[in-house]
Ligand SMILES: [Zn+2]
């Protein structure tokens with residue numbers, strides 16, 4: 001019969017420890033280990049998704065050694081889930097074969113991808129409120145259809161419709177504030193555009209590094225299976 005002291009430490013006992021001790025324990029783990037911890041219990045998930053845990057996720061990337069850094073608009077847990085999460089569509093829960101799309105920062109099945117993306121030339125049709133001066137393409141990440149997972153019928157750049165919607169809503173509101181002469185409106189508009197330009201720079205920098213990493217990681221995994 002198992003003695004009480006020989007039992008595995010429960011999620012409850014872990015979360016009853018001081019947070020700095022929990023972080024110390026987790027500091028040697030990889031991003032995949034941390035994801036498994038998040039899936040273990042609601043309480044541990046809450047701890048790991050909090051802002052204070054960001055350094056643990058960052059050190060996990062270093063433990064794994066070669067995991068690329070994440071974009072400024074994506075949280076560390078989101079990035080870990082994108083790279084190491086199960087091959088399941090995050091929208092419908094069906095199988096999502098292939099690699100996640102790092103430019104669109106989503107792992108979705110072909111049907112959800114087709115239903116939730118629009119081509120660049122379709123943006124004016126879907127968003128008639130968009131004016132040329134908004135220069136939407138400069139502020140919303142896009143992906144080339146040649147990347148894995150895109151329906152072959154589409155050519156050129158594809159945008160996640162919800163991302164376009166978010167940016168259009170923000171820019172429409174901020175432009176309206178400027179036109180209405182609201183105090184600080186121009187600064188708010190400039191700040192928003194600057195934050196979006198940072199995201200776009202990150203897409204180029206970390207998206208490319210991430211794609212390379214994904215290709216290498218997939219190749220390594222296949223090689224392991226063949227051994
Ligand atoms: Zn789906």
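Looking across the stretch 32-52, the residues that are touching a residue at least 24 places away in the same chain (Cβ under 8 Å) and farther than 17 Å from residue 82 by Cβ come down to 40, 41, 43, 44, 47, 52.
Return yes when residue 177 is over 23 Å from residue 71 (Cβ atoms), out of contact with any helix residue (DSSP H, G or I) (no Cβ under 9 Å at 6 or more places or on another chain) and part of a helix (DSSP H, G or I) and no when it is not. Working first, answer last.
Values: over 23 Å from residue 71 (Cβ atoms): yes; out of contact with any helix residue (DSSP H, G or I) (no Cβ under 9 Å at 6 or more places or on another chain): no; part of a helix (DSSP H, G or I): yes.
Here the answer is no, as residue 177 does not meet what is asked.
Across the stretch 101-120, which residue is surrounded by the most Cβ atoms within 10 Å (Cβ to Cβ) among those that are part of a loop (DSSP other than H, G, I, E, B) and more than 9 Å from the ligand (Cβ to nearest atom)?
As a first pass, look at the stretch 101-120 and keep what is part of a loop (DSSP other than H, G, I, E, B): 102-105, 107-109.
Applying the additional criterion that residues be more than 9 Å from the ligand (Cβ to nearest atom) yields 102-105, 107.
Values: 102: 27, 103: 22, 104: 25, 105: 21, 107: 24.
Applying the filter and picking the extreme gives 102.
Residue 68 meets all of the listed conditions (1) away from the ligand (no atom under 16 Å from the Cβ); (2) assigned to a helix (DSSP H, G or I) but one, namely (2). Of the residues making up the stretch 72-96, those that are in contact (Cβ under 8 Å) with a residue 12 or more places away in the chain and within 16 Å of the ligand (Cβ to nearest atom) are 81, 82, 85, 87, 88, 89, 90, 91, 92, 94, 95, 96.
Take the residues in the stretch 78-100 that are in a helix (DSSP H, G or I) and in contact with a helix residue (DSSP H, G or I) (Cβ under 6 Å, 6 or more places away or on another chain); name whichever of them is modelled with the highest pLDDT. Step through it out loud before you land on a result.
Residues of the stretch 78-100 that are in a helix (DSSP H, G or I), as a first pass: 78-84.
Checking the rest, the ones that are also in contact with a helix residue (DSSP H, G or I) (Cβ under 6 Å, 6 or more places away or on another chain) come to 80, 84.
Working: 80: 91, 84: 88.
Checking each candidate, the answer is 80.
The values are calculated or read from the model by the stated rules, or taken from the named source; none is laboratory data. Since the structure is predicted, the reported quantities are computational estimates derived from the model, not experimental observations. When we count neighbours, we look across all protein chains shown, and the Cβ atoms used for this are built from the backbone with ideal geometry, even at glycine.
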